[in-house]
């Protein structure tokens, strides 16, 4: 029989075309892979595919997280991640460099002490906001740090 002939395949035959071989064995499509199986398969990826896989996993995580924020959590995260105002950070860095070089004048020393106190108060407020976020989420501070790593570090 000639495959080009319309009668070569039964009418009920279904064709599956594979365009790229997946590094992840499909097994049974109704089965869900375990974490161990996913990790095992991820180890077999070449560098480019692995990086793409990691980016997609991070994207999925971000989507799950972003949709789960209350308005209060969102406001807290914005304040937590805002950081020290740039001009204060630059001034602080300058004064620290002068101190380390032993070229700090007494006026600069007083300015450094004042700025250090301001930064400590700022960081205390950040920590209180992180604690509030932990309280809202009903998780520990280390869990908040892990969950919202980019925003709180």
Considering residues that are part of a loop (DSSP other than H, G, I, E, B) and loosely packed, with under 14 Cβ neighbours inside 10 Å, the number found within segment 79-103 is 6
The condition from (1) within 26 Å of the chain's Cα centre (by Cα); (2) modelled with pLDDT of 85 or more that residue 150 misses is numbered (2)
Against the definition (under 30 Å from residue 116 (Cα atoms), in a loop (DSSP other than H, G, I, E, B) and at pLDDT 85 or above), how does residue 76 come out, yes or no?
no
Apart from one, (1) at pLDDT 85 or above; (2) closer than 22 Å to residue 133 by Cβ; (3) assigned to a loop (DSSP other than H, G, I, E, B) all hold for residue 45; the odd one out is (2)
Being surrounded by fewer than 11 Cβ atoms within 10 Å (Cβ to Cβ), at pLDDT 90 or above and assigned to a helix (DSSP H, G or I) narrows 121, 128 down to just 121
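The values are calculated or read from the model by the stated rules, or taken from the named source; none is laboratory data. Source: prediction; values computed, not measured. Positions of Cβ are backbone-derived with ideal geometry, glycine not excepted, and every protein chain shown enters the neighbour counts.
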